[in-house]
Amino acid sequence: MRTAIRLSIRCGSGSLGGKLGSVLAPDNEGFPSGLEFAMSVKEEVVRFEIESESFVTAISTSLALLRDVSLFEQVWLLSERPDG
C-alpha cells in the first residue's frame, strides 16, 4: 500500500513563492528507498507531492516539510521588520 500526500502553500506574492521554493530545494534531494518527492512553484503557490510505501514515512516527511516552511516564514517575517 502506498500513501500520497499533496500540500499547497500559497505565499503572499510570486517572488515570495520563488524564495520559499529556492530555500527548500537544496534540502529535498536524495531520498530513502520507497519515498518519492516532487516540488513545483507556480507564482505564489508552492506544491509538494510526497508518496511513500510507508504511511509513517509520508507523514514524517510532511511534518518535516511543514516545520521548514514555518521556519522560513519566521525568518522572513523577522527580516521584514523595520528594526530587524
Picked from segment 53-84 (must be surrounded by 13 or more Cβ atoms within 10 Å (Cβ to Cβ) and either closer than 17 Å to residue 15 by Cα or among the aromatic types (Phe, Trp, Tyr) (or both)), the residue modelled with the lowest pLDDT is 76
Please verify whether segment 17-27 includes one or more residues that are within 21 Å of residue 2 (Cβ to Cβ) and among the hydrophobic types (A, V, I, L, M, F, W, C).
no
Give the residues of segment 11-69 that are more than 11 Å from the chain's Cα centre (by Cα) and of a type in the set (Phe, Trp, Tyr), sorted by residue number.
31, 55
For residue 23, all conditions in the list (1) modelled with pLDDT of 90 or more; (2) surrounded by 13 or more Cβ atoms within 10 Å (Cβ to Cβ) hold save one; what is the number of the exception?
(1)
When residues of segment 26-42 are limited to those that are modelled with pLDDT of 90 or more and closer than 18 Å to residue 16 by Cα, the one surrounded by the most Cβ atoms within 10 Å (Cβ to Cβ)
41
Residue 50: passes all of (1) exposed (fewer than 10 other Cβ atoms within 10 Å of the Cβ); (2) among the aliphatic types (A, V, I, L, M); (3) touching a Phe, Trp or Tyr at 6+ places or on another chain (Cβ under 6 Å) but (1)
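The values are calculated or read from the model by the stated rules, or taken from the named source; none is laboratory data. These numbers come from a predicted model, not from an experiment. Every residue, glycine among them, receives a Cβ derived from its backbone with ideal geometry; neighbour counts consider all protein chains shown.
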